[in-house]
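Asker: Below is one structure. I have some questions about it.
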Amino acid sequence: MTNRRYFMKGAGMSLLSLGLTGIPGFLLRAAANEKHSVSFRRPKTLVFIFQRGAMDGLMAVTPFTDAHLSQFRPTLFMTAAKNSGHTPLMDLDGRFGLHPAFSGMEPLFHEKRLAIIHGMGSPNESRSHFDAQDYMESGTPFSKGTPDGWLNRTAKATGSQGTPFSAVSLTSALPRSLYGDFPALAINNLNDFAIQAKANPSMANLAAKSFEELYDQTSSSLLNKNGQETFEALQILGKTDIRHYIPANGATYPMSPLGNALKQIAQLIKINVGLEIAFAESSGWDTHFNQGTDNGTFARNAKDLGASISAFWNDLGQYQDDVTLMTATEFGRTVKQNGTGGTDHGRASCSFILGNDVQGGVVHGNIQPLSQDNLADGRDLPVTTDFRTVFNEVAKKHLEIRHDADLFPDWKANQISIMK
């Protein structure tokens with residue numbers, strides 16, 4: 001027999017996968033008849049942005065005083081000098097410069113809200129996009145057989161009772177990092193609730209049962225706590241004017257998939273449906289050809305990422321204390337440019353971490369001079385910070401997860417003091 005907690009935590013996903021207008025009438029009537037007020041606690045929220053395609057960390061955050069880099073990148077190298085012939089880098093600390101397309105994020109760095117981890121990557125040396133993404137999202141860089149993702153394990157480790165919206169991906173399909181036993185939603189668009197529940201076997205079993213059968217196993221008075229939260233979530237979303245949402249503080253999101261995703265994440269945070277884990281993605285970072293400097297493929301992607309993050313942060317307003325945002329990419333690019341004005345698959349890249357509980361205003365990590373002898377395989381920025389070190393510390397400290405929770409199997413955690 002399906003127990004009530006499992007039904008109400010899991011069936012919320014199955015119900016919403018129909019879209020709000022497709023929910024059986026008897027369930028909507030039951031929700032409408034409930035008189036209790038919304039009682040979700042205001043949780044901490046971790047927002048994770050995956051940059052698919054492998055971002056060039058050396059162009060995003062450039063060690064512009066390194067003479068080796070200027071030699072390796074005769075047409076791609078950028079400096080902070082005003083007379084360089086291109087829009088100058090934004091000088092962060094006299095050594096590293098932020099690409100000008102990230103201009104919306106520069107104030108956050110100097111306000112000490114934004115931190116950068118440079119030299120971050122996977123200990124697995126695969127240069128395959130598919131494999132590297134799988135290893136990073138599963139959190140097990142030497143095992144392809146891991147059934148769940150690191151964000152799903154994180155959601156379980158919070159120890160909260162959870163709501164139907166505890167773990168949400170603003171994508172058309174559930175990402176690898178949210179596979180697992182903890183119920184997670186993939187919402188393509190809040191306006192029509194195009195939700196998919198793929199890759200979650202437990203949900204497939206529930207979906208096979210009739211809603212009436214499952215509903216009969218719950219209390220008719222809806223006294224079960226998780227049941228109340230599920231119906232409260234339906235009430236909130238049913239009464240919220242999602243389509244005509246106006247961002248706060250004059251925030252203007254780019255008209256892009258990432259901008260739209262972060263805008264909807266901000267909405268879910270503000271309407272207080274219990275969001276703890278949010279996932280979004282940014283694509284197009286595979287810059288083999290015509291990478292450009294202040295214009296070109298990289299600059300377009302960087303502008304979208306920077307403007308989307310800046311708008312999201314401004315939009316949050318009073319909710320900023322509750323949110324930490326983190327980016328990651330599967331690997332970096334070669335230190336040397338190639339013959340087609342681009343860079344090839346490399347090793348380490350960098351990560352942006354934004355929040356009021358972050359040790360911001362610092363480029364963290366260990367980046368040695370980029371001489372030939374210091375390069376991995378004689379061509380790449382070496383991985384000096386394991387991605388699990390960053391993911392583990394950010395998730396545990398921000399979400400207040402107990403110290404012994406095992407987010408990354410078969411790995412011994414260490415600290416880098418990225419969080420306060």
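Asker: Among the residues of the range 56-77, is any modelled with pLDDT of 95 or more, of a type in the set (Asp, Glu) and surrounded by 24 or more Cβ atoms within 10 Å (Cβ to Cβ)?
Answerer: yes
Asker: In addition: Is it fair to say ASP357 is in contact (Cβ under 8 Å) with a residue 24 or more places away in the chain, in the same structural domain as LEU262 (by TED's automatic domain parsing) and within 25 Å of GLY149 (Cβ to Cβ)?
Answerer: Taking the combined requirement at face value, the residue satisfies it.
Asker: A follow-up question, please. From the list ALA395, ALA328, ALA348, pick out the single residue that is assigned by TED's automatic domain parsing to the domain that holds ASN290 and touching a Pro at 6+ places or on another chain (Cβ under 7 Å).
Answerer: The match here is ALA348.
Asker: I've got another one for you. Could you list, in sequence order, the residues of the range 294-325 that are closer than 14 Å to ILE353 by Cα, among the aliphatic types (A, V, I, L, M) and in contact with a His (Cβ under 9 Å, 6 or more places away or on another chain)?
Answerer: VAL323
Asker: Take the residues in the range 239-249 that are in contact with a helix residue (DSSP H, G or I) (Cβ under 7 Å, 6 or more places away or on another chain) and over 28 Å from SER160 (Cα atoms), then tell me which one is surrounded by the fewest Cβ atoms within 10 Å (Cβ to Cβ).
Answerer: In this case the residue turns out to be ASN249.
Asker: Now for a different question. Quick one: would you say ASP304 is surrounded by fewer than 24 Cβ atoms within 10 Å (Cβ to Cβ), in contact with a Ser or Thr (Cβ under 6 Å, 6 or more places away or on another chain), in contact (Cβ under 8 Å) with a residue 40 or more places away in the chain and closer than 29 Å to LEU46 by Cβ?
Answerer: yes
Asker: Also, quick follow-up: Of the numbered conditions (1) within 23 Å of the chain's Cα centre (by Cα); (2) over 26 Å from GLY94 (Cα atoms), ASP344 fails exactly one; give the number of that condition.
Answerer: (1)
Asker: Here's something else I'd like to know. Tell me, yes or no, whether the range 51-61 has at least one residue that is in contact with an Asp or Glu (Cβ under 9 Å, 6 or more places away or on another chain), within 13 Å of THR293 (Cα to Cα) and small (Gly, Ala, Ser).
Answerer: no
Asker: Confirm whether ILE367 is touching a strand residue (DSSP E or B) at 6+ places or on another chain (Cβ under 8 Å), outside the structural domain of HIS110 (by TED's automatic domain parsing) and at negative phi.
Answerer: no
Asker: Looking only at residues in the range 364-392 that are more than 25 Å from GLU137 (Cα to Cα) and small (Gly, Ala, Ser), which one is farthest from the chain's Cα centre (by Cα)?
Answerer: SER371
Asker: Residues in the range 378-387: is at least one surrounded by fewer than 19 Cβ atoms within 10 Å (Cβ to Cβ), among the basic types (Lys, Arg) and part of a loop (DSSP other than H, G, I, E, B)?
Answerer: The answer is yes; a qualifying residue exists.
Asker: Of the residues that sit in the range 262-301 and are under 14 Å from the mean Cα position of the chain (by Cα) and within 12 Å of GLN51 (Cβ to Cβ), which one is surrounded by the fewest Cβ atoms within 10 Å (Cβ to Cβ)?
Answerer: SER283
The values are calculated or read from the model by the stated rules, or taken from the named source; none is laboratory data. None of these values were measured; they are calculated from a predicted model. Glycine gets a Cβ as well: all are built from the backbone with ideal geometry, and neighbour counts include every protein chain shown.
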